[in-house]
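The values are calculated or read from the model by the stated rules, or taken from the named source; none is laboratory data. These figures come from a predicted structure and were not determined experimentally. For neighbour counting, all protein chains shown are included, and Cβ atoms are generated from backbone atoms with ideal geometry for every residue, glycine included. Surface areas here come from the heavy atoms of the whole protein model, side chains and all, with no ligands, DNA or RNA. Shrake-Rupley method; radii C 1.70, N 1.55, O 1.52, S 1.80 Å.
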Amino acid sequence: MTDGNEERTFAALPPAQGRGFAQTWWGRAWLKALEDAALDSQQVKTGRRLARAGAVGAVSVRPGRITAVVQDQDGTAHRSDVLLQELSEEQWDRFLDMAVERAGHVAALLDRDMPPHLVEDAAASGVELLPGLGDLEAECDCGAWDQCGHTTALCYQMARLLDQDPFILLLMRGRAERALLDELQFRGSATAKDRPDAPEPAQRGVDAAEAFAAGDILPSLPAPPVLPEVPGRPPSLDTEAAPAPGIDPSAVEFLASATAAEAHRLLAEALRSAHGQEAPAAELTVEQDAVRLAAAATEGAIVERLADGSGRDRQELALAVRAWHHGGVVALAVLEDEWTVEAEALARARTALEAAWDEDKRPRLRATRNRWTAVGAPTQLRLGRDGRWWPYRKERGRWAPAGPATGDPATALAMARGDTGGDTMSG
């Protein structure tokens, strides 16, 4: 490739077998201008086939024109040109002034990127960078009066070149890369010198209707983030400096660590394939969130503060934490709330209880709202609002959760008795 002030020449590209011609959104916009204006779809197909087969020779790009020799399938060579109107001096002035005000646009171009906002801001300044319907004119020595297979093949090859370097489009519009960058540097220096205290220009938004209309040429969404294996570790606050009055460094460190763990959990939930079809979870109350935090706390002083903040004593908070470990918000509601079971749900519950044991082995249970207490035993079944059974047993005069929920009341009662998966309250 040679690079002069007013012309660049690109060596012939290899055949494009098994890949699209445009990977970037601006490359696809270039092809859209070609394909939307084509009067003969057969010529578009011919050009695409020629370009894919590598029939386009070296491409010369200069202001207002691209040129290449394109070979037919029979080997006949044709000189083909595609023309695009250059920007006027006034339009270049507007574009350069806009680019100087938004340094991010220049940085993107230097990275061989053309962000949509650059094109949108240019259009707002009255400068259309990308070609529109009918902007690409064709000339070919095959004698065709409109786009032929040869000029179409050249356009498809041009899309591949634009993918690599959007400065090529600016050269077609009339300015070479070096001259353009020099002018931007000159104007930027003059602007900074003349207006050292000038405020930052207001950022222009994107009209929703325009963004929707351009949806087929805008870049696709980035891939979702990769979930880290473990939550991040917050910085240590163990320093020689004394903490400010009222600040407990250990409590702040605990909150930072708990926040990182919750963020990791939420990201894992968001990355699940079915996440978009699920209703968002209800926001936790202060009392529920205190239990969530206490489930991760190890220091006694932090647990004490969480108990006070949630309106519970230490034993009540310990029971709430145990419930949380068994089933989160749902298990906490079963622990702390008592409700009247509606007739239909009550009928299903009674049927499940009768079917869970043989008649001679069925325990005697006394029902009170959504709770069935075993007569003469420190065990209890609680029915959740979702129809599942939760095992409970009495410890130190309080009913304590004894395991996770299950659909079978006999299994739940066995857990309450300690036959399977039981636990005991400590502390």
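Looking at region 349-377, which of the residues that are of a type outside the set (A, V, I, L, M) and crowded, with 16+ Cβ neighbours inside 10 Å is farthest from the chain's Cα centre (by Cα)?
This residue is PRO363.
Starting from residues that are out of contact with any strand residue (DSSP E or B) (no Cβ under 8 Å at 6 or more places or on another chain), within 25 Å of ARG393 (Cβ to Cβ) and not aliphatic (A, V, I, L, M), keep the ones in region 304-315 and report whichever is least open to solvent (accessible area, probe 1.4 Å).
Among those that are out of contact with any strand residue (DSSP E or B) (no Cβ under 8 Å at 6 or more places or on another chain), within 25 Å of ARG393 (Cβ to Cβ) and not aliphatic (A, V, I, L, M), it is SER310.
With the structure loaded, tell me whether ALA301 is surrounded by 10 or more Cβ atoms within 10 Å (Cβ to Cβ) and of a type outside the set (Phe, Trp, Tyr) or whether it fails that test.
yes
Please verify whether PRO378 is more than 30 Å from ASP313 (Cβ to Cβ) and not polar (S, T, N, Q), treating the condition exactly as stated.
no
Please verify whether region 106-121 includes one or more residues that are hydrophobic (A, V, I, L, M, F, W, C), touching a strand residue (DSSP E or B) at 6+ places or on another chain (Cβ under 7 Å), under 29 Å from PRO15 (Cβ atoms) and not in a strand (DSSP E or B).
no
So which strands (runs of 3 or more DSSP E) stay within region 1-103 end to end and still have 3 or more residues that are loosely packed, with under 13 Cβ neighbours inside 10 Å and hydroxyl-bearing (Ser, Thr, Tyr)?
Those strands (runs of 3 or more DSSP E) do not exist here; none qualify.
Per-residue answers, yes or no, for (1) acidic (Asp, Glu); (2) closer than 19 Å to PRO409 by Cα:
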position: GLU316; (1), (2): yes, no
position: ALA333; (1), (2): no, yes
position: ARG348; (1), (2): no, yes
position: GLU354; (1), (2): yes, yes
position: PRO378; (1), (2): no, yes
position: TRP389; (1), (2): no, yes
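Inspect region 339-348 for any residue being open to solvent by less than 30 Å² (accessible area, probe 1.4 Å), of a type in the set (Val, Ile, Thr), modelled with pLDDT of 90 or more and under 17 Å from ARG398 (Cβ atoms) and give the result as yes or no.
no
Only one residue in ALA352, ALA331, ALA301 is closer than 30 Å to SER250 by Cβ, of a type in the set (Gly, Ala, Ser) and touching a helix residue (DSSP H, G or I) at 6+ places or on another chain (Cβ under 7 Å). Which one?
ALA331
Mind telling me which of the residues LEU39, LEU110 ends up being more than 21 Å from ARG173 (Cα to Cα) and at pLDDT below 90?
Going through LEU39, LEU110 in turn, just one is more than 21 Å from ARG173 (Cα to Cα) and at pLDDT below 90: LEU39.
In region 391-405, which residues are crowded, with 19+ Cβ neighbours inside 10 Å, assigned to a strand (DSSP E or B), without any contact (Cβ under 8 Å) to a residue 60 or more places away in the chain and not basic (Lys, Arg)?
Passing the criteria: PRO391, TYR392.
How many residues does region 171-183 contain that are buried (at least 21 other Cβ atoms within 10 Å of the Cβ) and in a helix (DSSP H, G or I)?
Count: 3.
So for region 270-290 (the condition being open to solvent by less than 30 Å² (accessible area, probe 1.4 Å) and at pLDDT below 90), does at least one residue qualify?
Yes, region 270-290 contains a residue that is open to solvent by less than 30 Å² (accessible area, probe 1.4 Å) and at pLDDT below 90.
Would you confirm, using the coordinates I've provided, whether LEU13 is in contact (Cβ under 8 Å) with a residue 12 or more places away in the chain and more than 39 Å from the chain's Cα centre (by Cα)?
Answer is no for this residue.
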